[in-house]
Each structure stands twice: as C-alpha cells, then as structure tokens.
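Working notes for the structure below.
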Amino acid sequence: MWKIIAESKDKRPKLQNYKNWKELTPIPISFPCYGSMGETGDWRVFRPVIDKKKCTKCGFCWMYCPEGVVQKSEDEFFIIDYTYCKGCGICAKECPVKAIEMKRESEFE
Amino acid sequence: MADKVKLYDIPEEEFLLPGNRMCSGCGLSLIYRTALKALGPNTIITVPASCLTVLHGMQGFTSVDKISVLNTPFATVAASASGIEAALEAMGKDDKVTCVAFAGDGGTTDIGIQGLSGAAERKTNFIYACYDNEAYMNTGVQRSGSTPYGSITTTTPIYGKTEHKKNMPKILEAHDIPYVATSCAAYPLDIYAKFKRAKEIKGTKYIHILSPCPPGWGFSTKDTIKIGKLAVETGFWPLYEIENGKFLLSNPSKRLLDPAKRKPIELYLSVQKRFKRLSNEQIEEYKRYINQSWEYIKSKNITTQFL
C-alpha cells in the first residue's frame with residue numbers, strides 16, 4: 001500500500017512549487033486564482049437554465065448568486081458559468097418571473 | 001444614515017472568485033461578495049479561524065482577488081486589526097486604506113469579545129463585521145453564545161438550548177461607538193448600503209449580519225434567501241442602525257413596529273430542522289422574547305418622520 005502511495009508521489013498534481021521548507025518564502029502567502037477548490041460545477045445535481053423569452057433582465061439572479069457565477073453578457077442577458085455553478089437553486093427560487101428552471105444534470109448529454 | 005441603494009448601483013467588478021470551498025447556497029458567500037464590492041480594492045481584512053478561512057482556501061491558492069487578507073488566531077481578530085490600523089496611521093495612509101475585521105459569531109460573541117471590546121474602547125478606526133450563522137458551523141455545528149433558544153446543535157441537550165441568544169449589537173452600543181448596524185444575508189442592497197456608510201465614518205464601526213446556513217440549520221440550499229427574509233419579517237431579527245446615538249429602523253423592519261404586521265414566528269421555526277423538537281411552551285417563550293425585544297426598540301427615540 002505504502003509503495004503505491006510513494007510511487008504515485010510524482011504523478012500527483014503539484015500544489016506547491018517548493019520541495020522542502022528551505023525553499024519556502026519567509027511569510028506563507030496565497031495567490032488568487034479561479035477555482036481554488038477545483039471545478040466546483042461537478043457538485044451540482046440540478047442545472048439552472050435561463051429562458052430568454054421570459055427574462056426581464058431585472059438582475060435578481062446576479063444579485064442573489066452566492067458564488068458570483070451569474071454574469072452579464074454582451075446582449076444584456078445574464079449567463080451562468082456552468083464550470084463553477086454549485087447548483088444551489090437560489091436564482092430559480094428568487095426569480096420574480098420564474099424564467100430560470102432547475103433541470104436534472106442527467107438530462108444533458 | 002445609510003443611503004438608499006438600487007440594484008444597478010452595485011458594481012459589476014467581482015472580488016470573490018468562483019470555485020471556492022463554501023457549501024452551495026451559503027449565506028456567508030453572499031454577504032462577503034456584497035461587502036467586498038462596497039469596500040473596494042483598498043482594503044485590508046483580518047480573518048480568524050472560521051468558515052471564512054475555509055473560503056480563503058489552503059496555502060498556495062485563494063479565491064479572494066485584489067484585496068489583502070491576514071489570517072489570525074481565533075481570539076485576536078480585533079487586536080490584529082488595531083495593529084494594522086496603527087501602522088496605517090503611522091504611514092499616513094489612514095484615509096486611503098480601510099481596515100476591516102471579519103469574524104464569525106464564535107469569534108465575536110465568545111472568543112474574540114475581549115479583543116473587540118478593547119479595540120472599541122481605544123476608539124480604533126476600523127470596521128468590525130460579524131456574520132452570525134448561530135453556531136460553530138466550520139467545526140460541525142457546536143453551540144455558541146449566539147445560538148438561539150430551543151435550537152439543537154451537537155453540544156446542546158436533546159430539547160435544545162435553554163438560553164436566549166446573546167445580544168451583541170446592544171453590547172457594542174454600550175461602548176458609545178459611532179456606528180452600530182444589523183443586517184441580514186437576504187437583503188444584499190441593505191448590506192451594501194451599510195458597508196458604504198460605515199466606510200465613510202471615522203471611529204469604530206460594528207455591523208452584525210445574520211447568515212442562514214443550509215447544513216447547520218437544516219433546510220434546502222435554495223431556501224437561504226427565504227429563511228433570511230422570514231427571520232426579519234417575523235420580527236426575530238430586527239434590522240436597524242444606530243449612528244451617534246440616533247436610532248433608525250431600516251426599510252424591511254419599519255412597518256414591524258405594529259405587532260399585527262409581524263408574520264407568526266411558527267413560519268420561521270417550522271421550516272428548520274434544528275427547531276424540530278420545540279414544544280408549545282418554548283414557542284410561547286419565543287413570542288414573549290420577540291415582544292420584549294420590540295418593546296426595547298420602541299423605547300428608543302425613533303425619528304418618526306421616516307415611519
């Protein structure tokens with residue numbers, strides 16, 4: 001068991017660039033990046049889909065989204081970044097005209 | 001007093017990057033995202049051990065962009081902020097850079113209260129924001145000083161907590177600081193307006209924000225906003241601000257001075273799993289507690305022209 005873990009050491013993705021404590025910076029610092037937890041979209045069971053015919057561009061989904069994955073597109077409609085959307089369903093619940101529908105992930109592909 | 005904010009006054013620039021470690025449907029995520037938009041890029045934040053540390057991630061990568069954050073030990077969040085503020089003052093950057101301490105309810109009501117009280121007594125020029133999810137959620141739902149009456153956590157008796165919630169804004173009000181406010185995660189515009197106002201005032205500012213927590217309180221992730229709104233509309237969590245001793249109820253709470261306009265508290269209690277063992281006597285006790293807290297608000301000199 002331990003042999004397998006030791007052998008896989010080189011194959012694992014590298015979180016830090018340093019090898020031992022001597023190469024550390026004096027202060028432990030983190031740097032900003034998208035998806036520090038990975039692609040959180042695979043937590044999702046239900047996928048929010050916006051119906052553009054019903055949408056009134058009120059912006060409630062953008063305001064209430066805890067993740068900030070709902071963003072304005074060029075045609076002033078809102079689009080959802082499915083790579084990081086965790087599928088909580090707040091946008092669908094709070095939409096005043098019910099233009100967002102939660103669909104099961106298995107319906108896609 | 002905080003100005004009225006419309007939805008498109010909130011800037012589109014994001015400081016909280018997607019793909020962080022928060023649970024789906026987290027109230028804190030929404031609070032932090034809105035608060036950072038109000039505070040802007042020239043901000044230094046101190047964070048104790050809490051759910052917020054989880055959001056900032058492990059060493060190497062973090063999901064907060066363009067803002068400096070310092071992770072501190074549990075009891076020292078206000079003390080660290082005082083140190084940063086003293087350094088900013090010595091460097092003459094006091095006006096340009098805002099110093100903010102962002103702590104959970106455990107770090108504020110139980111462990112960090114001495115640091116906060118000391119900083120408020122020294123009249124340190126900083127904002128202290130407390131997001132209140134009513135237990136130690138990060139370590140697995142243990143009871144804190146802020147847990148409400150009758151709520152079940154992993155360290156309470158089976159019939160729930162026997163004491164009421166600690167009223168933290170009242171304690172800070174007694175410190176004679178220039179700005180005390182309460183807010184709720186279900187009202188992002190309210191949070192934005194209050195942080196904007198707090199940024200303009202000099203002195204110690206305290207903002208207490210209720211943050212619904214889906215795994216800890218026991219409700220579906222989509223109901224975060226609904227539960228937050230119910231907490232305000234039933235009168236359980238009044239939204240107000242006190243600026244230099246002047247008391248003002250915020251918009252969502254203004255009409256609730258009349259007891260007939262408050263929604264019944266059962267609506268709020270029945271949708272959460274942590275209150276599932278409440279007896280009728282405990283619900284009566286809740287009604288008495290809410291009436292008592294609103295009597296206190298009535299006794300304040302409320303400027304009636306806004307009502």
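Ordering B:57, B:67, B:157 by Cα displacement along the dipole of the protein assembly as shown toward the positive end leaves B:157 in first place; charges were set at the Cβ atoms of Lys, Arg (+1) and Asp, Glu (-1). Here the range B:13-305 is treated with +1 on each Lys and Arg Cβ and -1 on each Asp and Glu Cβ, and its dipole about the Cα centre works out to around 580 debye. Residues considered: B:292, B:272, B:59. Largest GNM mean-square fluctuation over chain B, using C-alpha springs under 10 Å, is found at B:59.
Across the range B:134-151, rounded Karplus estimates of 3J(HN,Hα) from the backbone phi angles (6.51 cos²θ - 1.76 cosθ + 1.60, θ = phi - 60°) give 6, 4, 7, 6, 4, 9, x, 6, 9, 5, 10, x, 9, 5, x, 4, x, 8 Hz, Gly and Pro being marked x. In chain B, the longest principal axis of the Cα atoms and the axis of helix B:188-200 are about 40 degrees apart. Summarising the label geometry, the points placed 7 Å from Cα in the beta-carbon direction at residue B:68 and residue A:21 lie 2.7 nm from one another. For the Cα atoms of chain B, what angle does the longest principal axis make with the long axis of helix B:27-39, in degrees from 0 to 90, nearest 10? Relative to chain B, helix B:27-39 is tipped by roughly 40 degrees. In chain B, the portion of solvent-accessible area held by carbon and sulfur atoms comes to 54 percent [1.4 Å probe, whole percent, DNA, RNA and ligands not counted]. For the pair B and A, the buried accessible area comes to roughly 3400 Å² in total, with a 1.4 Å probe and the value rounded to the nearest 100. Of the residues B:282, B:251, B:268, the one whose Cα sits farthest toward the positive end of the charge dipole of the range B:240-284, with +1 on the Cβ of Lys and Arg and -1 on the Cβ of Asp and Glu, is B:268. Its Cα centre serving as origin, the protein assembly as shown has a Cβ charge dipole (Lys and Arg +1, Asp and Glu -1) of approximately 580 debye. Here residue A:57 and residue B:270 are evaluated by their C-beta separation; at R0 = 35 Å the FRET efficiency comes out at 0.50. Between residue B:114 and residue B:142, the C-beta separation translates, for a Förster distance of 25 Å, into a calculated FRET efficiency of about 0.80.
DSSP beta bridges confined to the range B:161-307 are antiparallel in about 50 percent of cases.
Of all DSSP bridge pairs formed entirely within the protein assembly as shown, close to 40 percent run antiparallel.
Which parts of the range B:3-18 would a label at residue A:39 reach, counting a residue when its backbone N lies under 16 Å from a point 7 Å out along Cα-to-Cβ? Hits in the range B:3-18 for residue A:39 at 16 Å: B:18. Taking each of B:6/B:202; A:86/B:123; A:72/B:194; B:37/B:298; A:93/B:261; B:202/B:261 in turn, the alpha-carbon distance tops 31 angstrom for A:86/B:123; B:37/B:298; B:202/B:261. Could you check what % of the DSSP bridge pairs in the range B:13-305 are antiparallel, to the nearest 5? Of all bridge pairs located within the range B:13-305, approximately 25 percent are antiparallel.
Applying the Karplus relation 6.51 cos²θ - 1.76 cosθ + 1.60 with θ = phi - 60° to the range B:158-164 yields 3J(HN,Hα) values of 5, 8, x, 5, 9, 10, 7 Hz, where x marks Gly and Pro. For a paramagnetic label modelled at 7 Å from the Cα of residue A:82 toward its Cβ, which residues of the range A:34-54 fall within the zone defined by backbone nitrogen distances under 20 Å? Under 20 Å, as judged by backbone N against the label point of residue A:82, lie A:35, A:38-54 of the range A:34-54.
For every helix of n ≥ 4 consecutive DSSP H residues, a contribution of -39,500 (n - 2.57) applies; sum these over chain B, divide by its total residues, and give [θ] at 222 nm rounded to the nearest 500 deg cm²/dmol.
It comes out at -10000 deg cm²/dmol, rounded to the nearest 500.
Extension gain, residue B:174 to residue B:1, is 60.4 nm, computed as 0.36 nm per intervening residue step minus the present C-alpha separation. Going Cα to Cα from residue A:53, which aspartates and glutamates come in below 16 Å? Please leave out same-chain ones fewer than 8 positions away. By straight Cα distance, residue A:53 reaches A:75, A:76, A:101.
Loop exposure criterion: trypsin sites (Lys or Arg not before Pro), DSSP state outside H, G, I, E and B, at most 15 other Cβ atoms within 10 Å. Applied to chain B, the longest stretch between such sites is B:124-201.
Loop-resident chymotrypsin sites (Phe, Trp or Tyr not before Pro) (DSSP state other than H, G, I, E or B) in the range A:71-109 with no more than 16 further Cβ atoms inside 10 Å of their Cβ: A:77, A:82, A:108.
Working from Cα pairs under 8 Å separated by at least six residues, relative contact order for the range B:47-147 is 30 percent.
By the equivalent-ellipsoid construction on the alpha carbon gyration tensor, chain B comes out with semi-axes of 29, 23, 19 Å, ordered largest to smallest.
Among the trypsin sites (Lys or Arg not before Pro) found in the range A:28-109, those both in a DSSP coil and sparsely packed, with 16 or fewer other Cβ atoms within 10 Å of their Cβ, are A:52, A:53, A:54, A:57, A:98. Only Cα pairs under 8 Å and 6+ residues apart enter the sum, and on that basis the relative contact order of chain B stands at 17 percent. Relative to the dominant Cα principal axis of chain B, helix B:280-299 is inclined by about 50°.
The values are calculated or read from the model by the stated rules, or taken from the named source; none is laboratory data. Given the structure is predicted, the values throughout are model-derived calculations rather than measurements. Note: ideal-geometry Cβ built from the backbone for every residue, glycine included; neighbour counts use all protein chains shown. The accessibility values were calculated without ligands, DNA or RNA, using every heavy atom of the protein model including side chains. Shrake-Rupley method; radii C 1.70, N 1.55, O 1.52, S 1.80 Å.
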